[in-house]
Structures are given as structure tokens and as C-alpha cells.
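Values quoted throughout were computed directly from the atomic coordinates according to the rules given, and no laboratory measurement underlies them. Remember, predicted model here, so these are calculated numbers, not experimental data. Ideal geometry is used to build each Cβ from the backbone, glycine not excepted, and the neighbour counts take in all protein chains shown.
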Amino acid sequence: MQKKEPRIAFWMILPAILVISVIAFFPLFKTFYDSFFSFSLNPRFPREFVGFGNYIKLFNDSRFWDALKTTIIFTVISVSLETILGLMIALVVHQDFKFRGAVRAAMLIPWAIPTAISSQMWRWMFNDQFGIMSRFYEALHIIEPGTPILGRPGLALWAIIQVDVWKTTPFMALLILAGLQLIPEQLYEAAKIDGANMIQRFFKITLPQLTPTIAVALIFRTLDALRVFDVVYVMTRGSVGTETLSVYNRVLLMDRAFTSASFGYGSALSVVIFLLISIFAIIYIKTLKLQFD
Amino acid sequence: MNSKKIIYRFVLYFLVAIILIWCIFPFYWAVVSSLKPDKDLFEINPSLFPKRITFENYVKVFTERPFHINIWNSIVVAGITTIVSLLIGSLAAYAIARLKFKGKVVVMSLILAVSMFPQVSILGSLFVLLRNFKLINTYPGLILPYVSITLPLTTWILQNFFRELPKEVEESAAIDGCSRIRTLWSIVLPMAAPGLVATGLLTFISAWNEFLFALTFMQRPEKYTVPVAIALFKGASQYEIPWGQIMAAAVIVTTPLVILVLIFQKKIIAGLSAGSVKG
């Protein structure tokens, strides 16, 4: 019985490995390989080996550096806002109040709506003439009347960050809430007896106990934010300084696939994005501490 | 009640109200906008409630464009993805949770690594691969990539569920001479049914919501899935965006999702905590 196990396990795992090998790993290696060539999907352009030429070209491409900068700004700001607000919201919904279950359920709504669709909803709210968010910001004197939020450099990126924060914060809060519920009540009672006030209890008990949960959520969100595509594509198509790495990469690969020899160049950018995200993925896996048996 | 407690209650309910409005408002606003006639919709100071209600936008979504076809595309693609992903995923998950073999950590790491792939990194090569097999603009051309990107999540959550099941039942099945596959099919899976439902729901939602692959591999309007169709809604002219119709379409497809999420919230949260999930 015991001897047969590895063989059965092999057959049970094979389909999964087969699918991800063909659909994920093979294309990934192909991308690495293609990044050393200059070619197009249009056979009119000859395929030539260029070595590291595409990478050298990429590092001299100001549009690449701008996209990298935008991606980093987007990631740092949205992930920090989501973590801080998420922690605050988690603390609020952890309290006792009426309809608590319903409120927690409602918090899943922004996460459940497809990003492409919620981005359209927000695009309508940011409409310069008829958008309710535009009216709201005008009333608060944050913007001048008639400002096209999604058409202004700087403002547009903030709007995109706002949509991402809207979508992800409640979700982050629910993950943190799950961590909060695991903290043993005795810890708080003991602290109360010792005379610790609310703020002391937060910093001495809640925060340290939550650190693992927050760390996982944080790295995981960073991974996600670095590859952001949907919200940017729908809100601005990457115009007015909102182009992120993924958006630029799709332009190179698809928009120019048949009109210029930029497929190899696009592949080089794909590789760079992959390596960038791998760094965080490795940290993530280390944090998860994969343990079996 | 002392005054301190009253202030606490007041602040608490105030904060809860803000959180609730924050989460629901965009959806609410889509509903309101979709019900307004164009004259009220394009008004400088929009009213928070529709003054007049019309279902014109809902009719136009189906008469002026093939939105019902887009919905069908999404149902087929997300549905088949979910079934295939659960089938393949539960096999792998069971082996990882229950069987002894070498290289388990390597296998799980390989599968998990895929969930961290930036999708755009394989976009170009995958497009070429699918094009060579004439799978662009076909259902399999989208289902295959979706199975591959949902498998890590399915496998990871399912193996967590399998681990929590009592081992004794399986052991007695083994003594009765049941094969591993039969044990999985007729004993483990029925016991893990709640886990399967939660996992299936998460898989379905992530396939239903996917945008980048759908945008790239489905290039004809009658092949678009719902998110792509809504993101690329065009008006009569280049400068005219049919906002009323966009909002109506958005409401049509998000309402079932919202209801599903409200019903299954406990299961979803349990599944999400078992393995962090991308949205």
C-alpha cells in the first residue's frame, strides 16, 4: 500500500503540472528566448538575433523609465493607503454593533465587481461635466470647477489610485479582521488588569499579534499592484502620465505586433517585469513558510 | 449609560456608516444612473435619486448591441474553467494533502509560482501559441489560460480543506480495499463539498472578472466576454460615450455577483483566509 503512494501521487499531480507547463512555463521560456531577437508577427520583418540589444534599447527608452516610475509610485501609495485604512476599518468592524454581519458582507462588494467594470463606474463618476465625484471635489475646493480629472497629469494617477484603494481596502480589512479574531481575549484582559490603556493595548498586543497577517497581505498586494493593468487601461488607456509597465508592455506586444519589429523588444520588457515581480514573489513564498509533513 | 459610552457608540456608528457608503456608493450610483433618462443623466448637478425612472438603457443594451452574447461567452468560459480547474485541482490537492512522496514542496512551489506570474509576461508568447493552434477568438483559447491561472488558487485552497478532514474515514476505506481515486471521489469529495463550493465560487469569480487575456485573445465584439464588452462600449460617434447603457450593463452583470457574495460571504472569507487571493 505504502509503496504505491508515490506512483499514484504522480498520476494525480500530472494533469495540473501538464497544464501549467504548457500554458505558463513554456510561454515564459519562449518569452526569455524571444527577447534576444528582433522580429514581428508580420513576416515582412526578418527575424534577427540581437543578443542583449533589446535590453540595451530598453534601458535607454525614456518611456520605459516613466512607466517604471509610475508603477512604483502607484504601488507604494496605493499599498500603504490600503494597509493603513484596511487596519483601521478592520478595527472598526471588529467592534460590536448592529448588522455587523451585513456590513462585513457589503465589504466584499468592491472586491467582487470586475475591475474593468468598476473602473467604468468610476470613470463615469470622474466625468468632468456630469461626474458626481468631480462635483464632490469641486465642493471641497480640491479641484477647480470644470477640471478634467482623468485628463490632467498627476490628478489622473491619483484618481486611479483612488479606485484601486476603493477596490482593495475592504478586502484587506477582511483579511486583517480574520487575524484580529485569532488574538486570544486573555491577552487583553491581562493587560487591562495591568492597567494598560487602549492605545498601549493596541501597540503592545494588537499590532505585534497582527504583524504576520499584515506582512503576508502587504507583500501579496505589492505583487498585485506591480502588475496593475485593468484599472489603468480602462480609465485612461495609459495617457497623461499614467502608463504602467504592464500597459506599456501590451502596447509593444499587441498594438505594434504587425506594424513593426517590436515583438522581441516587448518580450524583453516582459522579462524585466517578470524579474521585478519574482523578487517579491520569493519574499512572499519565504513568508508563507511552505511546510508539508 | 455614561457619556463616554454614548460618544463611543456615536463615533462607532458614524464610522460604520462611512465604511458602508464607501463600499456601496459606486454600485448604487451605477444603478441610479442606469435608471435615469438621458436628459436627467447629463445634468450638471446630478440628483442622488432618479426623479424619473426608465428602463430604456436596459432594453438598448440588448437591442443595440450583442450584450446577451457577451454574457453567454462569459458564462461558458467561466463555467467550464471552474469545472476543469476543480477536477484537476482536487486531484493534485489530494495528493499533496494526503500522499507521501518526494519533492512535495517543489511541486507545490511550482504550482504556486504560477499564481505570481505577471500575466503580461506570458501574454505575447501565449498569443503566438494560441494563434498557431488557431485558438484566437475561440472558447478553448480563453479557457485553457484561465485553467492555468486559476489552478494554483484552487489547488492551494483545496489542499487546506482536505487536510482538515478526519483521516480515519479514509483509512477505513483503504482497509476495505478502496483505491485512492475511489476514496477521493466517493468519500473525500462529498465530505469536502462546502470547501468545493467556496473554491468553485472563487475560481468562477476570478475567471469571470479576468480582463487582460480576454482583451487580447478575443478580438471580435461577438466573442468579447462581459468585462471587455463593457470596457469597450462605443457610442454612435467617437466622442459620444453611452454612459446610461454602460451603467445598465454593469448593473446587469454585477447584481448576480453581489447577491452571490452576500449569500456565500462566510465561505468566501474562509476560503480567502486559507490562501490570499488576487482580485
Value at 222 nm in deg cm²/dmol, rounded to 500, when DSSP H runs of n ≥ 4 in chain A each add -39,500 (n - 2.57): -21000 deg cm²/dmol
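With an 8 Å Cα cut-off and a minimum separation of 6 or more residues, compute the relative contact order for chain B in percent.
Relative contact order comes out at 29 percent.
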Distance (nanometres) between label positions extended 7 Å along Cα→Cβ at A:ARG47 and A:ASP194: 6.7
Pairwise FRET efficiency - B:GLU56 versus B:TYR239, Cβ, R0 = 25 Å, nearest 0.05: 0.75
Cα centroid separation, the stretch B:123-174 to the stretch B:83-106 (Å): 11
Under 30 Å from the Cα of B:LYS104 - lysines, other chains or at least 8 residues apart: A:LYS3, A:LYS4, A:LYS30, A:LYS286, A:LYS289, B:LYS167, B:LYS267, B:LYS278
Mean-position separation - Cα centroids, the stretch A:137-174 and the stretch A:216-242, in angstrom: 14
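Enter the mean projected area of the convex hull around the alpha-carbon atoms of the stretch B:16-130, in nm², rounded to one decimal. Don't jump to the answer; show the numbers that get you there.
Numbers: hull surface 55.2 nm².
So the mean shadow area of the Cα hull is 13.8 nm².
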Pair-distance profile P(r), taking every C-alpha pair of chain B, with 5 angstrom steps and integer %: 1, 5, 10, 12, 13, 12, 12, 10, 8, 6, 4, 3, 1, 1, 0
Top positive-direction residue, dipole computed over the stretch B:3-54 with Cβ charges, set B:VAL32, B:SER3, B:PRO46: B:SER3
GNM result for chain A, Cα springs below 10 Å: residue of A:ARG201, A:ARG63, A:ARG250 fluctuating most strongly: A:ARG201
Residue among B:LEU20, B:LEU135, B:LEU215 with the largest mean-square fluctuation in a Gaussian network model of chain B, springs linking Cα atoms under 10 Å: B:LEU20
Charge-dipole axis of the protein assembly as shown as Lys and Arg at +1 and Asp and Glu at -1 on Cβ define it, positive-most pick from A:ALA24, A:ILE8, A:ILE142: A:ILE8
Alpha carbon Rg of the protein assembly as shown, scaled by the compact-globule rule 2.2 N^0.38 Å: 1.01
Folded to 0 to 90 degrees: helix B:193-209 orientation relative to chain B principal axis, Cα: 50
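Quick one: order B:THR225, B:THR155, B:THR216 by neighbouring beta-carbon count within 10 Å, fewest to most. Don't skip to the answer; put the middle values down first.
Values: B:THR225 29, B:THR155 32, B:THR216 22.
By the 10 Å Cβ count, ascending: B:THR216, B:THR225, B:THR155.
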Highest-MSF residue in chain B out of B:PHE204, B:PHE42, B:PHE217 [GNM, Cα springs under 10 Å]: B:PHE42
³J(HN,Hα) computed for each position of the stretch A:253-266 - Karplus, 6.51 cos²θ - 1.76 cosθ + 1.60, integer Hz, glycine/proline x: 6, 9, 4, 10, 4, 10, 9, 8, 8, 10, 5, x, 4, x
Estimated dipole of chain A in Debye, rounded to 20 [Cβ of Lys and Arg +1, of Asp and Glu -1, Cα centre]: 560
Helix B:104-116 axis, angle to chain B major axis (alpha carbon atoms, nearest 10°): 10
Cα-centred dipole magnitude for the stretch A:120-179, charges only on beta-carbon of K, R (+1) and D, E (-1), debye, nearest 20: 120
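Assuming R0 = 35 Å, can you tell me the calculated FRET efficiency for the pair B:THR255 and A:ALA215, based on Cβ-Cβ distance, to the nearest 0.05? Mind showing how you got there, number by number?
Numbers: r = 36 Å, r/R0 = 1.03.
It comes to 0.45.
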Calculated from backbone phi, Karplus (6.51, -1.76, 1.60) coupling profile of the stretch A:173-179 in Hz, x at Gly/Pro: 4, 5, 5, 5, 4, 4, x
Charge dipole magnitude, Cβ of K and R +1, D and E -1 - the protein assembly as shown, Cα centre, debye nearest 20: 720
Amide H contacts of A:PHE37 (H built 1.01 Å from N, under 5 Å, at least 5 apart or other chain): A:VAL50
Rounded to whole Hz, the Karplus (6.51, -1.76, 1.60) HN-Hα couplings of the stretch A:33-44, x for glycine and proline: 4, 5, 5, 9, 10, 10, 7, 9, 6, 8, x, 4
Scattering curve values for the stretch B:3-54, log₁₀ I(q)/I(0), Debye with Cα scatterers, q = 0.15, 0.27 Å⁻¹: -0.56, -0.96
Alpha-carbon centroids, the stretch B:188-229 and the stretch A:57-122: separation in whole Å: 21
